[in-house]
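Peer 1: Take this structure first; my questions come after.
Since every read-out is calculated from the coordinates, none of them should be taken as a lab result. Everything numeric here is computed off the predicted structure, so don't read it as measured data. No Cβ is skipped: glycine too gets one built from the backbone with ideal geometry, and neighbour counts run over all protein chains shown.
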Amino acid sequence: MQTVLVNTNLIRPPIASVGIDYVAESLGTCGHEVSILDLCWVGDTHAAIQRFFHDRNGGLVGVSLRNTDDCAFGSRASFLVQLRDIVSTIRHNTAAPIFVGGGGFSVMPEAVLKVREVDGGLWREGEFALRAIATRVERHLDWHDVPGVAWRDGAGTHRKRPAYISLANLPAMTRRWGDNPRYLHEGGPIGFERKRGRSHPCTHCARPVAKGNQVRTRPPKAAADALQLRCAKSLSAARWEIPCAGTHTANAAVLTPRWRVRCDTPDVWGSTLEWTAATQRY
């Protein structure tokens with residue numbers, strides 16, 4: 001099935017979407033045709049959406065909402081109005097079902113589902129959920145029992161409990177879907193996921209709500225393979241974001257002062273990488 005993934009994160013500096021890359025990889029490995037509409041680089045989002053869907057209808061549209069606001073006390077700008085306008089324009093250009101996902105959706109799905117044109121959403125992780133929905137839509141089957149799906153009808157808002165997948169079951173992440181070289185050129189980092197979830201009950205942190213309170217880690221070799229692949233694609237001067245505590249395991253340690261990473265696969269570290277340490281207290 002032809003599936004369109006839309007990045008609605010327009011803020012600067014630009015940040016490459018790890019989530020869209022991961023969901024696209026999961027869809028692609030199962031034979032679905034994936035197209036990316038990255039609105040970060042367009043001046044007129046409505047015109048860009050119209051041009052994009054002019055020659056393609058798409059069987060399914062996934063819209064990524066990274067944040068609900070800009071997290072700045074001075075501006076306090078909400079992204080939900082922007083999302084509503086983007087989704088409305090998409091709906092006017094395609095009849096395909098529209099699902100919203102991402103961290104912003106997962107922290108307040110009920111509020112996001114008030115956008116009328118949205119058919120449903122993906123609460124928490126979407127790699128396997130959207131893949132299951134795409135398969136069911138393609139076969140004209142009901143999708144309302146897919147783990148992690150949320151939707152709104154006349155009776156209110158409904159959610160299905162998400163399934164916590166093992167990160168070892170994710171496909172190899174080629175990071176070939178998004179325009180990562182452009183993000184680097186424009187000064188943005190490329191992140192990679194080392195773990196998912198947070199077990200601490202911090203009232204100020206959205207991560208347990210958005211990603212669950214069960215902490216799961218990716219196999220060290222999988223993380224190293226992702227970096228090695230990026231080096232092979234001529235991104236050896238890339239800026240990679242590493243949460244220090246998140247990367248620190250028995251097989252991967254953050255070293256000072258150059259923030260180099262030591263892992264079981266030393267051939268990865270022959271290339272020159274510029275590391276940005278996103279230091280956090282856990």
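Peer 1: Rounded, prolate or oblate: which fits the stretch 13-160 when a ≥ b ≥ c are the square roots of the eigenvalues of the alpha-carbon gyration tensor, with rounded for a/c under 1.5 and prolate only if a/b beats b/c?
Peer 2: Values: a/c = 1.42, a/b = 1.16, b/c = 1.23.
Here the stretch 13-160 falls in the rounded category.
Peer 1: Less than 17 Å from a label point 7 Å out along the Cα-to-Cβ axis of His92: which backbone N atoms in the stretch 36-65 qualify, by residue?
Peer 2: Inside the label zone: 43-55.
Peer 1: Which order do the peptides 129-140, 96-107 take when ranked by the mean count of other beta-carbon atoms within 10 Å per residue, highest first?
Peer 2: Highest-to-lowest ranking by the protection proxy: 96-107, 129-140.
Peer 1: By how many nm would the segment from His204 to Thr29 lengthen if fully extended, with 0.36 nm per residue of separation less the alpha-carbon distance?
Peer 2: Between His204 and Thr29, full extension yields 59.3 nm more.
Peer 1: Related question: Past the 20 Å Cα-Cα mark, which pairs from Lys114/Lys195; Lys160/Lys211; Lys114/Lys160?
Peer 2: As for pairs spanning more than 20 Å Cα to Cα, those are Lys114/Lys195.
Peer 1: I've got another one for you. Roughly what would the spin-label model give for Arg51 and Lys160, points 7 Å off Cα along C-beta, in nm?
Peer 2: Taking the two extended label points, one gets 3.7 nm.
Peer 1: For Leu10 and Asp225, FRET efficiency with R0 = 22 Å and r from the beta-carbon atoms, rounded to 0.05? Spell out each step's value before the answer.
Peer 2: Details: r = 31 Å, r/R0 = 1.42.
My answer for the efficiency is 0.10.
Peer 1: Is the C-alpha gyration tensor of the stretch 1-63 telling us rounded, prolate or oblate? Criteria: a/c under 1.5 is rounded; beyond that, a/b larger than b/c is prolate, otherwise oblate.
Peer 2: Numbers: a/c = 3.21, a/b = 1.22, b/c = 2.63.
Cα axes put the stretch 1-63 in the oblate bin.
Peer 1: Let me ask you something else. Lys and Arg at +1, Asp and Glu at -1: add these up for the other residues within a Cβ distance under 9 Å of Arg76 and post the number.
Peer 2: Neighbour charge sum, excluding Arg76 itself: -2.
Peer 1: Still on this model: Suppose we keep just the DSSP beta bridges with both residues in the stretch 97-202; what percent of those would be antiparallel, to 5?
Peer 2: Taking every DSSP beta bridge within the stretch 97-202, about 75 percent pair in antiparallel fashion.
Peer 1: Can you return the aspartates and glutamates within cross-link range of Lys221? Criterion is Cα-Cα under 15 Å, with same-chain partners fewer than 8 residues away left out.
Peer 2: By straight Cα distance, Lys221 reaches Glu193, Asp264, Asp267.
Peer 1: Summing +1 for each Lys or Arg and -1 for each Asp or Glu, what net charge is found among the other residues whose Cβ lies under 14 Å from the Cβ of Ala111?
Peer 2: Cβ neighbours under 14 Å give a net charge of +3.
Peer 1: Can you list, bin by bin at 5 Å, the percent of alpha carbon pairs in the stretch 153-231, starting at 0?
Peer 2: All Cα pairs considered, the percentages come to 3, 11, 17, 16, 17, 16, 11, 6, 2, 1, 0.
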